[in-house]
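Mind looking over this structure? Questions follow.
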Amino acid sequence: MGLTLLTDLFYVPKLGRGAWCVWQRNFLYFRYSIWVSLLWVIVEPILYLLAIGYGLGTLVGDVQGVSYLEFFTPALMVISAMLVVFFESTYSTYTKLTRQKTFDTVLLTSIGPDEVALGEILWAASKGLLSASGVALVAWSQGLIRPEHIVPSLAVVALMCWVFASIGVIFTSTARNYDWFLYAQTIFIMPMYLFAGTYFPLGVLPELVQKIALFLPLTHAVMAVRSIVSGEVQASLFLNLAVLFVMAVFTTNYAVARMRAKLVT
């Protein structure tokens, strides 16, 4: 078990044009339900911005020297992307794997299992980035983010989306049924959603919880985007990016290796 884990973590995926073809296939399917998808991907985060940012924000004073709305907006960009990526790379990918048998059909072509996994990761990350872009545009229209900060912020979100897309594919490769993902939501996603410095600063949490939070990818994404949006770029930003990059490499390796094993059996 330990040797298999180590081997999978250092597995080098075989990248080819097939990954892009898988992405295109998902995009073509997405076009048929684009309005329903956009309703969840973009509109829902905007409602959160209005309800929590403007609603709760009026009852809360300044946080770390800025209004609560300005404090919460960078986190909303990140958590909205995370949720979209997670559901796309788990429920949707699992459906294509087990119910629709989409991957079985794809593998009848020249596209290999590594490319299928990478294509799914790329697609899920793309949808998450779309969600964050919608939030960023609304935030810009409200004067909550400067236009020159949008692209750097979305670049960080894109890296984080890749991490969570890879993690989602890992869960999918081990899932026995749809209920399997409820464990991931409860144990992994929801704690990050609440305790990764999203709704309140990490500093108000117990010291042990703060240390645990530093091992979570969402924490580093929130810290990085918040640093960029504030315009006060600190050395910790580069540490956050380094952590996300390392996580992206190893989660991608492991996700592709596990999905490959699932597809070739």
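The values are calculated or read from the model by the stated rules, or taken from the named source; none is laboratory data. Note that the coordinates shown come from a computational prediction; the quantities given were computed from them, not determined experimentally. Virtual Cβ from ideal backbone geometry, glycine too; neighbours counted across all protein chains shown.
Looking only at region 133-157, count every residue that is among the small types (Gly, Ala, Ser), crowded, with 16+ Cβ neighbours inside 10 Å and within 14 Å of the chain's Cα centre (by Cα) and tell me the total. Spell out how you get there, then give the answer.
Of the residues in region 133-157, the ones among the small types (Gly, Ala, Ser) are 133-134, 136, 139, 141, 143, 153, 155.
From what is left, the residues that are crowded, with 16+ Cβ neighbours inside 10 Å are 133-134, 136, 139, 153.
So of that shortlist, the ones also within 14 Å of the chain's Cα centre (by Cα) come out as 133, 153.
Of the residues in region 133-157, 2 are among the small types (Gly, Ala, Ser), crowded, with 16+ Cβ neighbours inside 10 Å and within 14 Å of the chain's Cα centre (by Cα).
I've got another one for you. Which numbered condition trips up Trp162, out of (1) buried (at least 23 other Cβ atoms within 10 Å of the Cβ); (2) within 27 Å of Gly61 (Cβ to Cβ); (3) of a type in the set (Phe, Trp, Tyr)?
(2)
If a residue has to be out of contact with any helix residue (DSSP H, G or I) (no Cβ under 7 Å at 6 or more places or on another chain), of a type outside the set (S, T, N, Q) and without any contact (Cβ under 8 Å) to a residue 60 or more places away in the chain to count, how many in region 111-150 make the cut?
Qualifying residue count, region 111-150: 3.
Restricting attention to region 57-75, does a residue exist that is more than 16 Å from Glu88 (Cβ to Cβ), part of a helix (DSSP H, G or I), touching a helix residue (DSSP H, G or I) at 6+ places or on another chain (Cβ under 7 Å) and modelled with pLDDT under 75? Reasoning before the result, please.
Kept after step one, since they are more than 16 Å from Glu88 (Cβ to Cβ), are these residues of region 57-75: 57-75.
Adding the requirement that they be part of a helix (DSSP H, G or I) leaves 57-58, 68-75.
Restricting the remaining residues to those that are touching a helix residue (DSSP H, G or I) at 6+ places or on another chain (Cβ under 7 Å) gives 57, 68-69, 72-75.
Going one step further and asking which of them are modelled with pLDDT under 75, we end up with 57.
For region 57-75, residues more than 16 Å from Glu88 (Cβ to Cβ), part of a helix (DSSP H, G or I), touching a helix residue (DSSP H, G or I) at 6+ places or on another chain (Cβ under 7 Å) and modelled with pLDDT under 75: present.
Now a separate question. Could you please find all residues in region 211-265 being assigned to a helix (DSSP H, G or I) and of a type in the set (Ser, Thr, Tyr)? Let's see the steps before the verdict.
Taking region 211-265 and keeping what is assigned to a helix (DSSP H, G or I), we get 211-213, 217-230, 235-264.
Within region 211-265, Thr219, Ser227, Ser230, Ser236, Thr251, Thr252, Tyr254 qualify.
Just checking, which of Val36, Val12, Val78 is assigned to a helix (DSSP H, G or I) and in contact (Cβ under 8 Å) with a residue 60 or more places away in the chain? Step through it out loud before you land on a result.
Numbers: Val36 fails: in contact (Cβ under 8 Å) with a residue 60 or more places away in the chain; Val12 fails: assigned to a helix (DSSP H, G or I).
When all the criteria are applied, what remains is Val78.
OK, next. Among the small types (Gly, Ala, Ser), over 27 Å from Tyr94 (Cβ atoms) and buried (at least 22 other Cβ atoms within 10 Å of the Cβ), is that true of Gly197? First the steps, then the outcome.
Working: among the small types (Gly, Ala, Ser): yes; over 27 Å from Tyr94 (Cβ atoms): yes; buried (at least 22 other Cβ atoms within 10 Å of the Cβ): yes.
Spelling it out, Gly197 is indeed among the small types (Gly, Ala, Ser), over 27 Å from Tyr94 (Cβ atoms) and buried (at least 22 other Cβ atoms within 10 Å of the Cβ).
Got at least one residue in region 179-197 being farther than 21 Å from Ala124 by Cβ, outside any loop (DSSP other than H, G, I, E, B) and either of a type in the set (Lys, Arg) or at pLDDT below 95 (or both)?
Yes, some residue in region 179-197 is farther than 21 Å from Ala124 by Cβ, outside any loop (DSSP other than H, G, I, E, B) and either of a type in the set (Lys, Arg) or at pLDDT below 95 (or both).
Please find, within region 210-265, the residue that is surrounded by the fewest Cβ atoms within 10 Å (Cβ to Cβ) out of those that are under 19 Å from Gly168 (Cα atoms) and of a type in the set (D, E, K, R).
Lys262
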